[in-house]
1. Report whether or not ALA136 is more than 18 Å from VAL36 (Cβ to Cβ), hydrophobic (A, V, I, L, M, F, W, C), out of contact with any Asp or Glu (no Cβ under 6 Å at 6 or more places or on another chain) and crowded, with 18+ Cβ neighbours inside 10 Å.
2. Just need a number here: residues in the stretch 113-145 that are part of a helix (DSSP H, G or I) and either of a type in the set (Ser, Thr, Tyr) or within 15 Å of the chain's Cα centre (by Cα) (or both).
3. Looking only at the stretch 3-27, count every residue that is out of contact with any helix residue (DSSP H, G or I) (no Cβ under 8 Å at 6 or more places or on another chain) and outside any helix (DSSP H, G or I) and tell me the total.
4. Out of the residues in the stretch 43-76 meeting the condition of being in contact with a Gly (Cβ under 9 Å, 6 or more places away or on another chain) and within 23 Å of SER147 (Cβ to Cβ), tell me which one is surrounded by the fewest Cβ atoms within 10 Å (Cβ to Cβ).
5. Which residues, counting only those in the stretch 26-35, are touching a Gly at 6+ places or on another chain (Cβ under 9 Å) and at pLDDT 95 or above?
6. Determine whether the stretch 103-111 contains at least one residue that is of a type in the set (Val, Ile, Thr) and not in a helix (DSSP H, G or I).
7. Mind counting the residues in the stretch 29-67 that are basic (Lys, Arg) and not in a helix (DSSP H, G or I)?
8. Output the residues belonging to the stretch 36-84 that are modelled with pLDDT under 95 and touching a helix residue (DSSP H, G or I) at 6+ places or on another chain (Cβ under 6 Å).
Amino acid sequence: MKLSTKEMALYGMLGALMFASKILMEGIPNVHLLGVFTVAFTVVYRAKALYIIYTFIFIEGVYAGFNTWWVPYLYLWAVLWGVTMLLPKKLPRNVAPAAYMVTCSLHGFFYGTLYAPFQAIAFGLSFKGMIAWIMAGLPWDIVHGISNFCCGLLICPIIAFMKKMNAMMKIFPGKKVEQYNN
């Protein structure tokens, strides 16, 4: 996965875009575009989307501090990336928006559950304590899942825009960039 200079610059900027979007939306708890960007960038850049995701995670740590809350970020966003990677590369046009929105939404609904095992280990919670922690966070996970679904409407337009920009900037020389008209 060798990167060109253009790719390094682009992935750094996209990681910073993810961070900026999170900061801009912090006033609305559990509503953000991180899942949208993770799914869209994974569809477009496949394995190289990890560079963008971990750039965002690193910036987040620098900004807010590398503390116990930050450690789950190292795997939480990789889970969404991995699930997106499992989706077929060429989904039918009429299926793709729903598949991406549901994938993004499920990550939001299960965010607290994915976060909980680390919390249990870090804070010495029993299994019952971990379940109680998950249950206490369910209202927030419901907001997260619903907002991810609604914000997921932006995934296909972002994919189309990124593919068009990549073709214009010749980010992937020698590769045919398909148009995604949705």
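The values are calculated or read from the model by the stated rules, or taken from the named source; none is laboratory data. The structure presented is a predicted model; accordingly, all values stated were derived computationally and were not measured. Quick reminder, even Gly has a Cβ in these numbers, built from the backbone with ideal geometry, and neighbours come from all protein chains shown.
1. Numbers: more than 18 Å from VAL36 (Cβ to Cβ): yes; hydrophobic (A, V, I, L, M, F, W, C): yes; out of contact with any Asp or Glu (no Cβ under 6 Å at 6 or more places or on another chain): yes; crowded, with 18+ Cβ neighbours inside 10 Å: no.
Answer is no for this residue.
2. Total meeting the criteria: 5.
3. 4
4. Within the stretch 43-76, the first condition is being in contact with a Gly (Cβ under 9 Å, 6 or more places away or on another chain), and the residues that meet it are 51-59, 67, 70, 73.
Subset that is within 23 Å of SER147 (Cβ to Cβ): 52-53, 56-57, 59, 70, 73.
Details: ILE52: 26, ILE53: 25, PHE56: 25, ILE57: 19, ILE59: 18, TRP70: 14, TYR73: 20.
Looking at residues that are in contact with a Gly (Cβ under 9 Å, 6 or more places away or on another chain) and within 23 Å of SER147 (Cβ to Cβ), I get TRP70.
5. GLY35
6. no
7. Counting residues in the stretch 29-67 that are basic (Lys, Arg) and not in a helix (DSSP H, G or I) gives 0.
8. Matches in the stretch 36-84: THR68 only.
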